[in-house]
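Worksheet: the structure to be examined is printed underneath.
The values are calculated or read from the model by the stated rules, or taken from the named source; none is laboratory data. The shown structure was predicted, so the numbers you read here are calculated from the model rather than taken from an experiment. Heads up, the Cβs are rebuilt from the backbone with ideal geometry, glycines too, and the neighbour counts pull from every protein chain shown.
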Amino acid sequence: MPVIEVTNLHKEYGRVTAVDDVSFSVEPGEIFGILGPNGAGKTTTVECISGLRAADGGSVRVLGLDPVADRDELHQTVGVQLQEAGLPDKLQVREVMRLFASFYRDPADIDVLLRRLGLAGKAQARYKKLSGGQKQRLAIALALVGNPRVVILDELTTGLDPHARRETWGLVEQVRDQGVTVLLVTHFMEEAERLCDRLALIDRGRVVAVDTPAGLAERTGGGQRMRFRPSAPVSDAELLALPEVETVTRHGAQIELAGTSQLVQAVTSLLARSQIIAEGLRVEQTSLDDAFVSLTSHMETAKEN
Amino acid sequence: MTAMTVDTAAAPARLRRGLTVKGFFALAAMHLKLMRREPGAFVTILLPVVLLTIFGSIASAKTPQADLGGRSVLDVYVPTIAAMTPLMVACTVLPGAMASFRERNTLRRFQVSPVPPGGMLAALVSVLAAFAALSVVLIVLLGTLVFGAKLPPNLGAVISAFALGFVAVIAVGMVPAAVATTNTMANGIGIPFMILNFFFAGLYIPIAQMPHVMQTIGEYVPFGAVMDAWSGTGALWQHLAVLAGYTVLGGLASAKLFRWE
């Protein structure tokens, strides 16, 4: 049985449709990502799953519970980290943790949790005195304080420096390793690629694709891209004559080629035949980034037509 | 039909909805802590004590005066000063606290916890009520036992008027508390209402020295009505009805307007 099941979710604010038609299901123990451009309806979807908003259409079930009708019970077993949830400046970290722990039937050990999140040294510090990264980690600690079976993390690493971001990712993996199902909202490709077992790509209130990060990347053709400086001139026509080459772009002495998954092999053997050396060669696989751009912009042109 | 779909392994034997007793006291303790750390919070208790001490130390304030209906200045000012803490907490502390919670999205944090955010509001009002009650008792004891002011004859009526008066101003204070997103906005509504009540409670001029029209208007202002109940002016049922009216109107308006975000 899926842990989270969203079926034809629809939500409007006045006349603006925030979520048009979103369906996906999250299996136990996975890190499931919701990825999409700003304003795609990610946060609204998560708010409906968290019981913060009632859906206008469709249904949402989390551990078999209706997030709105059964919200008190839902929040016993589902931890939520919100994008912005400021706490009173003058409360200390430990006081905040104790307060929230007192709401749960089976709270986590506060000291263990603070240590795991690297906040043990800040237990006596007031909320106001915490850095952005520490506040974010406290928000995660609060999502975990009730020993949840599911955690929802919304824009987890926004505003964190790269170092803190990597640390936070490690933490999310630890949480998953303890058997907690994670729903992660993000607009960072790198984060989605690194953490998520599966992803739902959302654009304009609709699910564009649900797949593994690698599966999504392959959808754009699984092509390759390469850049090099030829040791002797080579014409565009020669390159384009290869079936593997799709585009040729010149940046001064540099040539950038995009094409199929056989691109590099085809081009290097052509160059070898002409005894041209590819200097400063760099090769890239199409990434989730490319999938994101092509899948979401595809939607855009489809809508405009 | 939701119950049918609940995974029995996941669902507890009994659902415990919302706020537990333990959670409530934890929230109340949080509000107390926050008030203790707010430099201005204890002014609400200290200021009336200081004022009463000044009045109580003036010898002439204890002589009965004809234009106060045979009562002394101190007799007249004990209930007025006792009204200050209830008014300050209801009109400024309550809306200010809710505005700052709303401003920082703290209310959303509670919305995703098992405690309904209403539980937090209930804990806040309880702490403020305890604050107000403590201050009123302190002022009345200090005024009568230490400085020798006369207690009103109808104690039952006075206690119920004070209690209902507090509920009425809390209900009105709940209106800015329901909507204000900044402290300035909360004070914009709360402070004028507080000053109005201060005035008709006789803080600036004793009620007995106000023109007749003003005295009549005062009967329809919450703490004006409470003062009349204290001094035994007019019909008690009318004063209690005025207070009940504010409670109902404020309660309905704030329930209608209330926003968690």
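Some values worked out for this structure:
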| item | result |
| --- | --- |
| When residues of region B:245-261 are limited to those that are outside any helix (DSSP H, G or I) and of a type in the set (Phe, Trp, Tyr), the one farthest from residue B:152 (Cα to Cα) | B:260 |
| Some residue of region A:239-250 being in contact (Cβ under 8 Å) with a residue 40 or more places away in the chain and of a type in the set (Val, Ile, Thr) | no |
| Members of region A:78-95 found to be surrounded by fewer than 22 Cβ atoms within 10 Å (Cβ to Cβ) and either touching a Lys or Arg at 6+ places or on another chain (Cβ under 6 Å) or of a type in the set (A, V, I, L, M) (or both), listed by number | A:86, A:89, A:90, A:91, A:92 |
| Members of region A:59-90 that are facing chain B (nearest Cβ under 7 Å) and part of a loop (DSSP other than H, G, I, E, B) | A:63, A:64, A:66, A:69, A:70, A:82, A:84, A:85, A:86, A:87, A:88, A:90 |
| Which numbered condition residue B:85 misses (of (1) in contact with a strand residue (DSSP E or B) (Cβ under 9 Å, 6 or more places away or on another chain); (2) more than 14 Å from chain A (Cβ to nearest Cβ); (3) of a type outside the set (A, V, I, L, M)) | (1) |
| Filtered residue count, region B:131-182, keeping only those that are among the aliphatic types (A, V, I, L, M), free of Cβ contacts under 8 Å to residues at least 24 places away in the same chain and closer than 17 Å to residue B:228 by Cβ | 4 |
| Flag if residue A:37 is within 14 Å of chain B (Cβ to nearest Cβ) and in contact (Cβ under 8 Å) with a residue 12 or more places away in the chain | no |
| From the options B:208, B:225, B:229, residue that is modelled with pLDDT under 95, buried (at least 18 other Cβ atoms within 10 Å of the Cβ) and either touching an Asp or Glu at 6+ places or on another chain (Cβ under 7 Å) or in a loop (DSSP other than H, G, I, E, B) (or both) | B:225 |
| Residue satisfying condition, being away from every other protein chain (no Cβ under 14 Å), of a type outside the set (Phe, Trp, Tyr) and either within 16 Å of residue A:67 (Cβ to Cβ) or touching a strand residue (DSSP E or B) at 6+ places or on another chain (Cβ under 8 Å) (or both), within set A:6, A:16 | A:6 |
| Residues of region B:39-81 that turn out to be within 19 Å of the chain's Cα centre (by Cα), in a loop (DSSP other than H, G, I, E, B) and surrounded by 15 or more Cβ atoms within 10 Å (Cβ to Cβ), as a count | 1 |
| Residue B:242 being at pLDDT 90 or above, part of a helix (DSSP H, G or I) and surrounded by 14 or more Cβ atoms within 10 Å (Cβ to Cβ) | yes |
| Per-region count, region A:257-283, residues assigned to a strand (DSSP E or B) and more than 12 Å from residue A:226 (Cβ to Cβ) | 1 |
| Any hit, region A:270-285, residues being touching a Ser or Thr at 6+ places or on another chain (Cβ under 6 Å), under 23 Å from residue A:37 (Cα atoms) and modelled with pLDDT under 80 | no |
| Complete set of residues in region B:167-188 that are surrounded by fewer than 19 Cβ atoms within 10 Å (Cβ to Cβ) and under 16 Å from the mean Cα position of the chain (by Cα) | B:187 |
| Selection status of residue B:123, within 30 Å of residue A:82 (Cβ to Cβ) and modelled with pLDDT of 90 or more | yes |
| Filtered residues of region A:138-165 (kept if assigned to a helix (DSSP H, G or I) and over 20 Å from residue A:112 (Cβ atoms)) | A:162, A:163, A:164, A:165 |
